[in-house]
Amino acid sequence: MVDRKQLAKILAYASSIVLLLLIIAGCAPFGREQTVHLYTEDSQATVVAKMDQTAPVYTFSFDRRMDPAEDVKMYAPFLRYLEQATGYRFKMLPMTPSDNIVDALGQGRVDVAAIGTLSYLQAHQKYGVRVIAAGLTEKGKAEYKALIITATNSNLHSLKDLKGKTFAFGADTSTQGHLIPLIMLDKAGIKLADLAGYTFTGSHFDTANSVLSGRYAAGGIQDRLGRELADKGLIRILAESENFPSSTISVSPALPEDVVEKIQAALLAFQPQGKDKASLYNWDQSEMPLGFVTTNDQAFEKVRTWAVRLGLLDGNLP
């Protein structure tokens, strides 16, 4: 069950987000802003699954990706699937801008989380958080890319043109919104000090808005959203990254092994394009649209090396 106080916080800042979702759908012209309420008190019941009240309850959270209310609505039926598949109960604990999912997961306030590679690496190093599955993207692989985008009328033509310009990252723990764009800038010889300024918007949704509105010259976002915006002629893709490990399902080190095994089995049996599709909400917009595969810590060595080199993870490189 979603904690009502936490959901109230989500609604408070969700209502101020500009209308990117309707822009993508072609329902609003570029540059027009208005307040949207995508999730209301009246629809909270959609998050609650009817379960045996004596079953164990585990807390689930996630990295913020898009509009906060839409994230909640997307994960609610996924949790109902997990409840049916495991016999456990799950309550959702969305992270507010002041929350830290790495600490929440590592300290046991969150038991299971859908998090990106960077969040996982930080949580694993600091707390021993375990990865139990990786998301399969629309290409059927457990990997994804990031894009650096700019406005269609921008005079930027390569990453080297970003010197002296402003840049929008997503959340500071985001892989596609922070770590991979940093790698791309580093490979192009661009340091943060070379930028006129930069910000952390908190999500891919807000980064796209920052570029669409002209507040920032460029930004780093997930490839799926970036391509959708580019196909509609709303932004231009300035650069595309190489492949990196996709988002994970990771668990608190305090979670009992038998519980972990049961949740992992449910994840591997999940068929979002098959038998489970009808009960889901916009799952094709997630970072695991084709479900999950097993993975382990060794799969993240390349990105771990980059995170250390860029100062996002403690460690000594050889």
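Normalising the average separation of contacting C-alpha pairs (under 8 angstrom, six or more residues apart) by the number of residues puts the relative contact order of segment 211-318 at 17 percent.
Stokes-Einstein, applied to the Kirkwood radius of segment 131-225 over Cα pairs at a viscosity of 1.306 mPa s and 10 °C, places its translational diffusion at 117 µm² s⁻¹. Once C-alpha pairs closer than 8 Å and six or more residues apart are averaged by separation and normalised to the residue number of segment 146-242, the relative contact order reads 47 percent. In terms of packing, defined here as the mean over residues of other Cβ atoms within 10 angstrom, the peptides 83-95, 219-231 line up highest first as 219-231, 83-95.
Determine the shape class of segment 165-318: with a ≥ b ≥ c the square roots of the Cα gyration tensor eigenvalues, call it rounded for a/c under 1.5, and otherwise prolate if a/b is greater than b/c, oblate otherwise. It comes out oblate by the Cα gyration axes. Model label sites at N153 and S213, defined 7 Å from Cα along the beta-carbon direction, differ in position by 1.8 nm. Using θ = phi - 60° and the Karplus relation 6.51 cos²θ - 1.76 cosθ + 1.60, list the HN-Hα couplings for segment 250-255 in order, rounded to whole Hz, with x at every Gly or Pro. Couplings: 10, 10, 4, x, 7, 6 Hz.
Which parts of segment 118-157 would a label at N243 reach, counting a residue when its backbone N lies under 11 Å from a point 7 Å out along Cα-to-Cβ? Within reach of a label on N243, which here means backbone N under 11 Å from a point 7 Å along Cα→Cβ, segment 118-157 contributes 137, 139-145.
Rule-based calculations on the coordinates, nothing more; no lab input. Given the structure is predicted, the values throughout are model-derived calculations rather than measurements. So basically every Cβ, Gly included, is an ideal-geometry build from the backbone, and we count neighbours across all protein chains shown.
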